[in-house]
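For reference, the structure discussed in these notes is given below.
The values are calculated or read from the model by the stated rules, or taken from the named source; none is laboratory data. All figures in this text were calculated on a predicted structure; none of them were measured in a lab. Here Cβ is always computed from backbone atoms with ideal geometry, including for glycine, and neighbour counts include all displayed protein chains.
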Amino acid sequence: MNQGRNLFRTLVLILGFAFLYIPIVSLIVYSFNSSRLVTVWGGFSTKWYGALLRNDQILNAAMLSLKVAAISATLAVVLGTLAGLVLARFGPFKGRTLLSGLTTAPLVMPEVITGLSLLLLFVTMEQIIGWPAGRGMTTIIISHITLTMAFVTVVVQSRLSQMDDSLEEAAMDLGARPHKVFFLITLPIIAPALMSGWLLAFTLSLDDLVITSFVAGPGSSTLPMVIFSKVRLGVSPDINALATILVAIVAIGVIVAGFTMSRQQKQRERDAQMALAANQQMIESVKKG
């Protein structure tokens, strides 16, 4: 009975991974296809990567998307950390429910509604105060921060709720200021959550199409917008090459982040063991004395 259940679970796992990754693998394979037809193998070639590097439209869009994603993810981590810290540490306060609802609303709000509301906001602000002047990189960054901050807040709040408060209380009992406790105790402990939130925000910003389509102006087309416009006319082989490069970048980022978080976790475990050993030696010395 157990063998049959384990076999069924293994089969479902294999089918699930195959469903997810076989299309990606086929896309990578056909990016090295010499034929113009993306579904017909015409021999191994890297010419489409050269054609991609000569395509100024895609390169400019990719550079804009990377800039927007990096800036949006960084600011979203800062704001999301502050919001998560308030919701996790400050307890019940007036307006807590409103703050929680505002920070998590983008998680459940349809992107079409979010994009339309942000567009109306930017148009109204431009008419009243003259900023932002038109739609472009600034409006895209603000919109992506609005979207991704909600995800960072949830990640940070969850990590803080699982954190042992006694570490912070012990540091403050020893005379440390609240800001020093945050930077020396709290921040290193929640660093893996911050890194995870940054990667999530970066990926969501880099991938967003719907909201960006509302708030982008002439000359500020991001990579998803360019790819979508090209795919509507038919998939070209250089798009496969572009997708392969993006998959490689994301895979490298995930591997580096996982390796870094693993090292930090091992370092924290070693520090905890050293602290425990030092505490035991102190107790033994007190007993002997």
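Among the numbered conditions (1) under 28 Å from residue 163 (Cβ atoms); (2) more than 22 Å from the chain's Cα centre (by Cα); (3) not aromatic (Phe, Trp, Tyr), the only one that residue 134 does not meet is (1).
For segment 77-134, which residues satisfy the criterion of being farther than 29 Å from residue 169 by Cα, free of Cβ contacts under 8 Å to residues at least 12 places away in the same chain and of a type in the set (A, V, I, L, M)? Once the filter is applied, which keeps residues that are farther than 29 Å from residue 169 by Cα, free of Cβ contacts under 8 Å to residues at least 12 places away in the same chain and of a type in the set (A, V, I, L, M), segment 77-134 yields 102, 108, 109, 113, 120, 121, 123, 125, 128, 129, 133.
I'd like to know if segment 38-48 contains one or more residues that are outside any helix (DSSP H, G or I), of a type in the set (Ser, Thr, Tyr) and surrounded by 14 or more Cβ atoms within 10 Å (Cβ to Cβ). Looking through segment 38-48, at least one residue is outside any helix (DSSP H, G or I), of a type in the set (Ser, Thr, Tyr) and surrounded by 14 or more Cβ atoms within 10 Å (Cβ to Cβ). Taken over segment 2-37, the criterion of being assigned to a loop (DSSP other than H, G, I, E, B), under 30 Å from the mean Cα position of the chain (by Cα) and not polar (S, T, N, Q) is satisfied by 32 alone. When the criteria are applied in full, residue 86 fails the requirement of being surrounded by 13 or more Cβ atoms within 10 Å (Cβ to Cβ) and more than 30 Å from residue 160 (Cα to Cα).
Restricting segment 109-135 to residues that are in a loop (DSSP other than H, G, I, E, B) and of a type outside the set (A, V, I, L, M) leaves a set whose member that is modelled with the lowest pLDDT is 134.
The set of residues in segment 90-137 being acidic (Asp, Glu) and within 20 Å of residue 221 (Cα to Cα) consists of 111 alone.
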